[in-house]
Amino acid sequence: MIRTVARKEMLEIIRDGRFRWSAAITLLLLCGALAMGWQHYRDVASQHEAARRDTRQQWLKQGEKNPHSAAHYGVYAFKPRMPLSLVDPGVDPYVGVAAWLEAHKQNEFKFKPAQDATALQRLGELTGATVLQLLLPLVIILLTFSAFASERELGTLRQLMSLGVSRSDLAWGKALGISGALAMLLLPATVIGVAGLALTAENGALAGSTPRLLLLFAGYLAYFAVFLGISLAVSAKASSARVALITLLGFWIFNGLLAPKAVTDLARSIHPTPSTLQFARDIEHDIENGMDGHNPADSRAEALKQELLRKYNVDSVNKLPIDFNGVRMQAGEEYGNQVFDRHYGALWATYDRQRRIHDLASILAPSLAIRSLSMGLAGTDFPQHAHFSQAAEQYRRLINREMNMDLAHHAKGKPVYMAKESLWQKIPDFHYEAPGLGWVVRNHTLSLVLLTVWCLAAALAASWMSRRMEVI
Amino acid sequence: MLEALSLTKAYNGHTALNNLNLTVAAGEVFCLLGANGAGKTTTINLFLNFIPPTSGTAKVNGIDVASHPLESKRYLAYIPEQVMLYRNLTGIENLSYFTELAGCEKYSQAKLLDFLTAAGLQAEAADKRVGSYSKGMRQKVGIAIATARNAKALLLDEPTSGLDPKASNEFSELLKRLSGNGAAILMATHDLFRAKETGTRVGIMKHGNMVAHMKTEELGHADLERIYLEHMHD
Amino acid sequence: MLFLIAKNDWRNIRADRTLWAIALLLTTTILYGVHNGASWVDFQKRTIQGALADEAERHAAIKQGIEDANAGRTSPPSWKDPRSPYAVGYRLGSRFATMPPAPLAALAVGQSDLLPYYFRVTVNSRDTMLGNDELENPVHLLSGRFDLAFVIIYLFPLVILAVSYNLISGDKEDGTLALTLSTPVSLPSLAMGKIAFRAAFVLTLGAVLSVAGALLSGIDLSAPGAAPRLLLWMGAVAAYSIFWFGLAVLINAMGRNSATNALALSGLWLVFVLLIPSLLNVGIKTAHPVPSRVEMIQAMRHASDAVTAERSRLMAEFLEDHPELAPAASADTNAQFAVRSVAMTEELERRIQPVLDEFDKRISRQQQLADQYRFLSPAILTQAALYDLAGTGVHRYKHFLNLAANYHQQWQAHIQPKMMQTVKLSTASIDELPRWHWQEEDTADVLGRAGTHTAALALTAAFVIAIGVLALRRFPVVG
């Protein structure tokens, strides 16, 4: 029974010119977006790889220098591009591409790609994620809004019911038929996406990304199921096909357009982001005057001096067996690190609380759940950016510690102390390990749960509405 | 008042109306009879300029409707099979809108109510929303619009189908009164009895042609039915 | 006649819940949008005030420090000596170049969340000013803000389509169309009458709410240029709205049923508001790709390394060009250091200028292309007009960048000679440090640009309405 309904439904959809057109356009856009995502990924990945090697060579070949000068010279950390960013570039255009890892300072990532684009970017960007999150639900609505409503208007529903078809069979049949039609659209896109990943597989992108890809795939299927269920429920309940269409379009607009922006401003007003100016001033203030306000830098240096004099049991800095400047600077770094940890920690906690509001709002709009999940799995959400910038920061601290310790141990009594490449070699190459799937999933539990809830609720609504549907 | 000169309408090679010549003078009631698809509604639509003629002309008060659609409509009133009105407005509001739209003087509320009651609508119904009206009540508002507009020519498209015999009778009486006041009436109908009762002339249409054409006063009821059925036989 | 039709339409529609739902939707979204814009403007103003306060505080501290040091109460190390032009010019005395929000900024956040509105200006090379953006959660940049411009560009068309998708088809389906057209009323005037009512409703509601919201949120209409900007804003919104009404007429004229009209119109909305802008964005990026910032960073670093390697030669050359700046005593290491650093900064700026210029050139080309193809979608035209009028688009930002670059040069020109001559700064010389003056964009320029967009919008709207009216003549009243 279900199969018969499904077959008829699919046949009808495939013969419908509206479906053919919208499916062709969507498919074209999706494939185009994926192809461009792939191209962009490859370009950026190779640029980053080249720059990464270059910055390493610059570090190694910086010549004879005082280690502290070397720390000031520093290196650059370039944000790597994740393979799945070809599907969902996420926040990548809105975070800087590189941070300078220099002495004394934790720098923000600079140069957001979106700043180099025209204002058109803000009207809409063609990415795999936009097509999947915005356009495909629209295709689903288009296929489904008339499922029951227009059969009722045509009177065929009365005929079906008189044949003794059960309502739930009818609903399942329709859902299956529509899914079949959708699969014809999604299958080619999936093949292209996977092929794209496989082509970039020089660094095992495909194998490494498979679990993420599978979960991403499942997530989008669940998201589509939400729209399918809701559309069927509305179609069963609505008094006419026109009302069903308008209701569903209203939901689509709320879900995809209104909610993300409305929540943005809501989250900003509940958990305000500080200005860069305030942020920098607070850090400077804490380093200068101490985090509790009663421990200025000068007295911290003085205390360190006294402590060292006591430890080595000497009465002047000159008699210390180590270079005091190196120790003092390292102590300064460590104090600075505490300050940075505190302020960046607070900033990122604010972002995280803002993210929580976005995730919670997906109770009202499932697009927020899939958006968050999709960025997470593609490796392009903010937590993963923060993860990278933390790794870069640890590397900066390592460089500074090594340089200062070298000063402390070797600069004693030398008016001009220069270190050589052997010291630069002591700093290992910066190697970043992206977090695993478990870490990502833990970050996105809320959106995962809410997406599942939406999926179940939509299925329930569809079956409930179709069972209670009026035949005439 | 109403004049069709070699009026022809073809859709993609199918002739819906073929070379119709017809004149309805003031005070006359001309009834168009015929099966579904015989060309009755096409004739009325052509007079309303809802569709352009393939050839020939339709004139209202001597004005060609195709070249002067708006002027010709000053003299026309139209009552379709279903008089559809704005559901959310009352009978009076609908009447007032359509008469003002037609460029008539602005009637007072009392005068509007007069028109409605004269058309047989109960006074208490006039202030109710049209959404709650029966078909007969809406037809009466249609008549009221026609009278209030003081139309010189009336086009009626099966106005009595679906009305109960009493409502149908009242409707006929109203028509007689309108034609008595000098209106030319062209009515498409299936109701041979009503045609004989109210019509001054009848025309029988078949496949777009006017196949017979006679005065009712020369006919008995039985004659009309016989002639009609004869023509319907192929 | 039009008035009569409009009045009747109003009586007819007022009984319908849709209208009230739409009024409620417009009211909430417009007020929420204006509120968000206003709180963003408020934040920017407070930040700028904070910058000025920070500057004032630092300058007071410098003066105090100079007095203390001169009186021998303190002996600061050279790198933070308030008397040293070097320390003052690089760090202690740096001033902010700020761009205050324009009078109508609360109406459109535009690009102002993405582009910086203040820079700290130092003696350092120009590139160090780059990339110091305002902190913002990138997810928020991705979503964009819920401002009035968003309501106008995205929601207004939807509201308009919701009230006019069945403009004629609805009457035809209800059967009232035939009766209406049996009176001496033409279909175009019927359509115009109905549009007139709906447009009056949507636009009045939109205009009254926007202005009321704007005034409540503290927009000062007496600010120079504010009133004409607001008028042109209204003009742009009206033209944009009329375009969508025209489109509804055009689609209705095709004579399909209401459900098909709703589908067709939402499809067109998708095309104009989402698809054309994103395809155009892709096209522009492909035609004029901006070079990689990563490569730029590396190029700048190579330039900086080269300059460092050649510093002795550079300093010698510099002194040949500016013999008057030669340190009085060759043993004066501070002066040596200062001359060398100025020479290096100058050379570095000279070398990286082509790299930066390449970026500016590519971005301007992109902008040109975007301007050229803007007429493809009224949404793009409207965005451009609204952002320009609110002063939150790229034009005002460029204007700010130019002013800031000039100020930076002025700052360098003032401090560098003092650094090289190792002048000891006095409290009076702190007051002589160049001050930042924000100069508002020329209102005539803004109005000219936005006026062009609005004119193009109005032209498009008129064109669509004309086609719609023409098409109405062939509307199948029956069948």
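The values are calculated or read from the model by the stated rules, or taken from the named source; none is laboratory data. Since the model is a prediction, treat every value here as computed from it, not as a measurement. FYI the Cβ positions are ideal-geometry reconstructions off the backbone, even for glycines, and counts take in every protein chain you see. Calculation scope for accessible area: heavy atoms of the full protein, side chains included, ligands and nucleic acids excluded. Shrake-Rupley method; radii C 1.70, N 1.55, O 1.52, S 1.80 Å.
Can you pull out the residues in the stretch C:211-228 that are part of a helix (DSSP H, G or I) and modelled with pLDDT of 80 or more?
C:211, C:212, C:215, C:226, C:227, C:228, listed by residue number.
Out of the residues in the stretch C:64-80 meeting the condition of being closer than 11 Å to residue C:92 by Cβ and not aliphatic (A, V, I, L, M), tell me which one is most open to solvent (accessible area, probe 1.4 Å).
The qualifying residue most open to solvent (accessible area, probe 1.4 Å) is C:79.
With modelled with pLDDT of 95 or more and surrounded by 14 or more Cβ atoms within 10 Å (Cβ to Cβ) as the only criterion, which of A:280, A:369 stands out?
None of the others qualify; the one that does is A:369.
What about residue A:44, is it of a type outside the set (Gly, Ala, Ser) and within 30 Å of residue A:178 (Cβ to Cβ)?
no
Within the stretch A:117-128, does at least one residue satisfy the condition of being more than 10 Å from chain C (Cβ to nearest Cβ), assigned to a helix (DSSP H, G or I) and small (Gly, Ala, Ser)?
Yes: the stretch A:117-128 contains one or more residues that are more than 10 Å from chain C (Cβ to nearest Cβ), assigned to a helix (DSSP H, G or I) and small (Gly, Ala, Ser).
Look at residue A:308 and say whether it is of a type in the set (A, V, I, L, M, F, W, C) and open to solvent by 40 Å² or more (accessible area, probe 1.4 Å).
So residue A:308 fails the test.
If I go through the stretch B:46-90 residue by residue, how many of them are under 26 Å from residue B:139 (Cα atoms), without any contact (Cβ under 8 Å) to a residue 40 or more places away in the chain and more than 10 Å from chain C (Cβ to nearest Cβ)?
The number of residues fulfilling the criteria is 1.
Find the helices (runs of 4 or more DSSP H) located wholly in the stretch C:295-396 whose residues include 3 or more that are within 13 Å of another protein chain (Cβ to nearest Cβ) and of a type in the set (S, T, N, Q), and list them.
Helices (runs of 4 or more DSSP H) meeting the threshold: C:333-372.
Counting residues that are closer than 26 Å to residue A:456 by Cα and touching a helix residue (DSSP H, G or I) at 6+ places or on another chain (Cβ under 8 Å), which helices (runs of 4 or more DSSP H) fully inside the stretch A:230-322 reach at least 3?
A:241-253, A:259-270
For residues that are of a type outside the set (Ser, Thr, Tyr) and open to solvent by 10 Å² or more (accessible area, probe 1.4 Å), scanning just the stretch B:23-39, find the one that is nearest to residue B:196 (Cα to Cα).
B:28
Go through the residues of the stretch C:94-101 one by one and say whether even a single one is open to solvent by 20 Å² or more (accessible area, probe 1.4 Å), within 12 Å of chain A (Cβ to nearest Cβ) and in contact (Cβ under 8 Å) with a residue 40 or more places away in the chain.
no
Being at the interface with another protein chain (Cβ under 7 Å from one of its Cβ atoms) and under 30 Å from residue C:196 (Cβ atoms) is the filter here; which residues of the stretch C:109-162 pass it?
C:150, C:154, C:158
Find the helices (runs of 4 or more DSSP H) located wholly in the stretch A:1-113 whose residues include 2 or more that are over 23 Å from residue A:333 (Cα atoms), and list them.
A:2-15, A:17-60
Confirm whether residue A:351 is under 20 Å from residue A:100 (Cβ atoms), modelled with pLDDT of 95 or more and assigned to a helix (DSSP H, G or I).
Spelling it out, it is not the case that residue A:351 is under 20 Å from residue A:100 (Cβ atoms), modelled with pLDDT of 95 or more and assigned to a helix (DSSP H, G or I).
Scan B:212, B:153, B:184 and give me the residue that is within 16 Å of residue B:32 (Cα to Cα), within 16 Å of the chain's Cα centre (by Cα), more than 14 Å from chain C (Cβ to nearest Cβ) and open to solvent by less than 30 Å² (accessible area, probe 1.4 Å).
B:184
Among (1) touching a residue at least 60 places away in the same chain (Cβ under 8 Å); (2) basic (Lys, Arg); (3) loosely packed, with under 15 Cβ neighbours inside 10 Å, which single condition is residue C:46 missing?
Every condition holds for residue C:46 apart from (1).
Just to be sure before I move on: is residue B:98 buried (at least 21 other Cβ atoms within 10 Å of the Cβ), more than 8 Å from chain C (Cβ to nearest Cβ) and more than 16 Å from the chain's Cα centre (by Cα) in the structure I sent?
no
Listed here are the residues, each with its yes/no results for (1) over 22 Å from the mean Cα position of the chain (by Cα); (2) more than 22 Å from residue A:183 (Cα to Cα); (3) surrounded by fewer than 21 Cβ atoms within 10 Å (Cβ to Cβ).
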{"position": "A:28", "(1), (2), (3)": "yes, no, yes"}
{"position": "A:38", "(1), (2), (3)": "no, yes, no"}
{"position": "A:64", "(1), (2), (3)": "yes, yes, yes"}
{"position": "A:78", "(1), (2), (3)": "no, yes, no"}
{"position": "A:85", "(1), (2), (3)": "no, yes, no"}
{"position": "A:101", "(1), (2), (3)": "yes, yes, no"}
{"position": "A:105", "(1), (2), (3)": "yes, yes, yes"}
{"position": "A:116", "(1), (2), (3)": "no, yes, yes"}
{"position": "A:121", "(1), (2), (3)": "no, yes, no"}
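Based on this model, can you work out whether residue A:407 counts as crowded, with 21+ Cβ neighbours inside 10 Å and under 18 Å from residue A:434 (Cα atoms)?
No.
Filter the stretch A:441-460 for residues that are over 26 Å from the mean Cα position of the chain (by Cα) and surrounded by fewer than 18 Cβ atoms within 10 Å (Cβ to Cβ); which is modelled with the highest pLDDT?
The selected residue is A:457.
Only one of (1) open to solvent by less than 40 Å² (accessible area, probe 1.4 Å); (2) at pLDDT 85 or above is not met by residue B:50, so which one is it?
Just one mismatch for residue B:50, condition (2).
Cβ contacts < 9 Å: first residue over 18 Å from residue C:106 (Cα atoms) and at the interface with chain C (Cβ under 7 Å from one of its Cβ atoms), restricted to the stretch A:256-273; second residue open to solvent by 40 Å² or more (accessible area, probe 1.4 Å) and of a type outside the set (Lys, Arg), any location; separation 6+ or different chain. Result?
A:260/C:142
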